[in-house]
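Below is one structure, written out as structure tokens; comments come after it.
The values are calculated or read from the model by the stated rules, or taken from the named source; none is laboratory data. Everything numeric in this text was worked out from a predicted model, so none of it was measured. So basically every Cβ, Gly included, is an ideal-geometry build from the backbone, and we count neighbours across all protein chains shown.
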Amino acid sequence: MTLAWAAYRLIAPCLGAVAPAAGVFTSPRERPLWRERLGEVDLPEGCHAWVHSASLGEAAAVPPLLRELSLRQPGARFWLSATSRTGRERLGRIGPPASLAPIDSPQATQRFFSGVRPRRVFLIETELWPHWLLHARRERIPVAVVSARLTERSVRRYRGLGSELRSLVGGLDAVLCQSREDERRWLALGSRPERTLSVGNLKSDGLPQPAADRGAERATLGLDPARPLLVLGSLRPGEARSLARAWMALPEATRERWQVVAVPRHPRASQELRAEATNSGIVVTDDGSQGGAWRWDDRTGVLVSWYRAAEVAFVGGSLTPFGGHNPLEPAACGAAVVTGPYHATQREYVLALEARSAIWVAAEGKPLEIALGALLAQDGVRERRALAAFEVAEALRGSAARAVERLVEFGLWPA
């Protein structure tokens, strides 16, 4: 037994014991939902499957998975959970009951399983919480990880928990991975070779559809329907400055022609990013984009609407070492896509797009200026890249059906 595992198993019950009283110290936004984090939920008839996704991004994979599961078992009951509040909000719009996930303590886990009584547990991407897995193993509830992914950093962190965590991973009933690289990492962590395979990313099935009329979409969003739109999506600290410099280097006529909307990845970083833009000479507005100004929108859950109205999209988290965000979202909407060089978490998608010349990977400085200049000024280049990006996104759909086929093959569904 490693020291890290022993410490975790000792600390988690202590945290579980004090957690009920700790609710009074949480933020006003968190306090109404604290009981959910304690596992205090109830579904009298139980459910056929508990489906858990960590946050807003992972929640996009839930609707296609539920659709395919329901095709194989009509009338199946589900309970949905997320670790973040934004993820919970998105799940709450899907239909089945949804809550915040229980904290990983024995007490909260026991309450949650007793309240929901799932026959199956489907974890999306990388949610390996030891007490959840221990409880499921003790109660002989099958657990599968779908759209599974692992970074090298995650592998190193989980290995620090030693053979006990490896045993839990080896006890998973299926690990259905996003890519061959993810498959290799899960096998290295101890998953069963005969139950570990690549089926693709469920988010590909949850990708948006393009707008029937981009101009009408822009009008709905309060923009000029006649002027093309550049969206700067999922911006992380440091990126507004780099983009602003590239933008200001473009000819004035180009800047006058285009509308720009900037959407930070996290609202908490909005002020910092906005200051980066204004300090670089950008006029930032909240209600429109006129004459080279940038419209600013730091609300959550709005990015896809902007992508559907855009001709060109920059995908953030990629000019600085954040790993990048999903370039397939704007591609599926029919936009020409630009991203930065730091896209390790999206490598598979970037490679697929690059193979069709459907994405422009550009570092900050002159390369970014050249990419934006070409896409904004050359209609033919922009249109060819946008069409190729859309075709790549369309070809990647179907992961949910492949995942559920494997669950059926392994006897994990219907429940």
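Condition (residue is under 24 Å from the mean Cα position of the chain (by Cα), assigned to a helix (DSSP H, G or I) and surrounded by fewer than 17 Cβ atoms within 10 Å (Cβ to Cβ)) applied to segment 360-371: is it met by at least one residue? No, because not a single residue in segment 360-371 is under 24 Å from the mean Cα position of the chain (by Cα), assigned to a helix (DSSP H, G or I) and surrounded by fewer than 17 Cβ atoms within 10 Å (Cβ to Cβ). Among residues of segment 12-58 being crowded, with 18+ Cβ neighbours inside 10 Å and small (Gly, Ala, Ser), the one that is nearest to the chain's Cα centre (by Cα) is Gly57.
Among what's in segment 262-280 and is at pLDDT 95 or above and over 11 Å from Glu239 (Cβ atoms), pick the residue that is surrounded by the most Cβ atoms within 10 Å (Cβ to Cβ). So, considering only residues that are at pLDDT 95 or above and over 11 Å from Glu239 (Cβ atoms), the one surrounded by the most Cβ atoms within 10 Å (Cβ to Cβ) is Val263.
Taking segment 299-317 as the search range and keeping residues that are within 15 Å of the chain's Cα centre (by Cα) and part of a loop (DSSP other than H, G, I, E, B), which one is nearest to Pro267 (Cα to Cα)? In this case the residue turns out to be Thr300. Scanning segment 171-179 for residues that are in contact (Cβ under 8 Å) with a residue 60 or more places away in the chain and not assigned by TED's automatic domain parsing to the domain that holds Val404 turns up nothing. Looking across segment 1-11 at every residue that is surrounded by 12 or more Cβ atoms within 10 Å (Cβ to Cβ) and aliphatic (A, V, I, L, M), the one that is nearest to the chain's Cα centre (by Cα) is identified as Ala4.
Screening the candidates Ala211, Ala216 for the property of being part of a loop (DSSP other than H, G, I, E, B) and among the small types (Gly, Ala, Ser) yields one hit, Ala211. Give the residues of segment 198-208 that are at negative phi, part of a loop (DSSP other than H, G, I, E, B) and not acidic (Asp, Glu), sorted by residue number. Selection gives Val199, Asn201, Gly206, Leu207, Pro208. Of all residues in segment 375-415, those satisfying the criterion of being without any contact (Cβ under 8 Å) to a residue 12 or more places away in the chain and either part of a loop (DSSP other than H, G, I, E, B) or surrounded by 17 or more Cβ atoms within 10 Å (Cβ to Cβ) (or both) are Gln378, Gly411. In segment 170-188, of all residues being among the aliphatic types (A, V, I, L, M) and crowded, with 21+ Cβ neighbours inside 10 Å, the one that is nearest to the chain's Cα centre (by Cα) corresponds to Leu176.
So, Asp287, is that one assigned to a loop (DSSP other than H, G, I, E, B) and either touching a His at 6+ places or on another chain (Cβ under 9 Å) or without any contact (Cβ under 8 Å) to a residue 24 or more places away in the chain (or both) or not? It is false that Asp287 is assigned to a loop (DSSP other than H, G, I, E, B) and either touching a His at 6+ places or on another chain (Cβ under 9 Å) or without any contact (Cβ under 8 Å) to a residue 24 or more places away in the chain (or both). The condition of being of a type outside the set (Asp, Glu) and touching a residue at least 60 places away in the same chain (Cβ under 8 Å) does not hold for Pro264.
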